[in-house]
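This report concerns only the one structure given below.
The values are calculated or read from the model by the stated rules, or taken from the named source; none is laboratory data. The structure presented is a predicted model; accordingly, all values stated were derived computationally and were not measured. Cβ sites come from the backbone with ideal geometry, for glycine too, and all protein chains shown count toward neighbours.
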Amino acid sequence: MSLDNAKRRQLAKIRQRTLPSIQEFVSAILDGDLAMLSRAITLVESNKPAHHELAQQIVNACIPHSGNSIRIGITGVPGVGKSTFIESFGTHVTSQGHQLAVLAIDPSSEVSKGSILGDKTRMQELSTNSKAFIRPSPSTGSLGGVANATRESIVLCEAAGFDIILVETVGVGQSETLVHSMVDFFLLLMLAGAGDELQGIKRGIMEMSDAIAINKADGENIRKAKMARREYANAIHLFPPNANNWTPQVLTCSAMQKEGLGDVWNTIDQFVNQTKLNGWFEKNRSKQSLRWMHDTLGSFLTDSLYQNENMRQIIREKEYAVQHNELNPYQAAKELFASYLKMQS
């Protein structure tokens, strides 16, 4: 081992031993200490049991100081310009006096499990904005294109004083329902002139959207953007009415030219005011908390099953049987579950 590597490992061990206390973490986060906020999110994202337990205690202590924000989910087709939009939109929002936190999810490789985490590079202007905090996180294969710890990160950012939270997802798909279950407003970014607009995206994602913004509506693309806006507006009116009594809006904007961003923000503001007046806003937050509980319970049960030493051998046996067509997957899962219940009794 080289001297430099030895020093690095020694420093890492020292840092690990000298982790701040829960109270120190919480006090610093409530004071808006971004370095401590970042460290807390790192703990939340860690797979180490000791880190996870500490992180949950920090999150629990921050929950009473959270909830005072507008949570916005942003998704869109590849190449739509999500990062450019978030930078321009975030600059507009902070100019209105808001504190903005961006939780940008980077795709993780299914092969190497690595992630580029390049959102700060793509959002150079916003990353130097004193009213903004950008936290890129790896998706690590989690459903819906959001990191497993996104909910906890939202709580920590709110406790740190950020009143606007943007969650950028990896891309478009039916599994985007997960990000929809943790935000107040869901914005879908689309392009005009990129093929058949109405066939290029699944109906489910459109039905979840509170607004659709046709980005890159500039130069020669303005006419196509206006046509796409009419097509989407007509399509939305064919959908059943939303339970929150909000009619999804279709807008055009140009993140590059910083045009139409005020209209997007005004739409979000109108949505929040309307849903707070009719009671949907708080009702939706309550439903999301219940889903968080059930999702966490599912994770606990799954972890308990796969971390059980006795179950691991049984799982390997069932995997062998399924791979060699000796047992169908459904029956194998059923027998595994029965074995697990028997061990718990």
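Screening region 127-175 for residues that are over 25 Å from Asp31 (Cβ atoms) and in a strand (DSSP E or B) and picking the one that is modelled with the highest pLDDT gives Glu168. Do we have any residue at all in region 58-69 that's part of a helix (DSSP H, G or I), of a type in the set (Val, Ile, Thr), surrounded by 14 or more Cβ atoms within 10 Å (Cβ to Cβ) and modelled with pLDDT under 95? No: zero hits. Scanning region 1-52 for residues that are touching a Lys or Arg at 6+ places or on another chain (Cβ under 9 Å) and at pLDDT below 65 turns up just one, Met1. Of the residues in region 264-281, at least one is touching a residue at least 12 places away in the same chain (Cβ under 8 Å), touching a Cys at 6+ places or on another chain (Cβ under 7 Å) and surrounded by 13 or more Cβ atoms within 10 Å (Cβ to Cβ).
Selection over region 54-80 of residues that are under 18 Å from Ala217 (Cβ atoms) and out of contact with any helix residue (DSSP H, G or I) (no Cβ under 9 Å at 6 or more places or on another chain) gives a count of 3.
In summary, Asp210 fulfils each of the numbered conditions (1) exposed (fewer than 12 other Cβ atoms within 10 Å of the Cβ); (2) touching a Pro at 6+ places or on another chain (Cβ under 7 Å); (3) among the charged types (D, E, K, R) with the single exception of condition (1).
For region 227-261, the tally of residues that are surrounded by 14 or more Cβ atoms within 10 Å (Cβ to Cβ) and either closer than 27 Å to Thr91 by Cβ or modelled with pLDDT of 95 or more (or both) stands at 17. Scanning region 20-47 for residues that are under 21 Å from the mean Cα position of the chain (by Cα) and in a loop (DSSP other than H, G, I, E, B), we see that the one that is nearest to Val93 (Cα to Cα) is Ser46.
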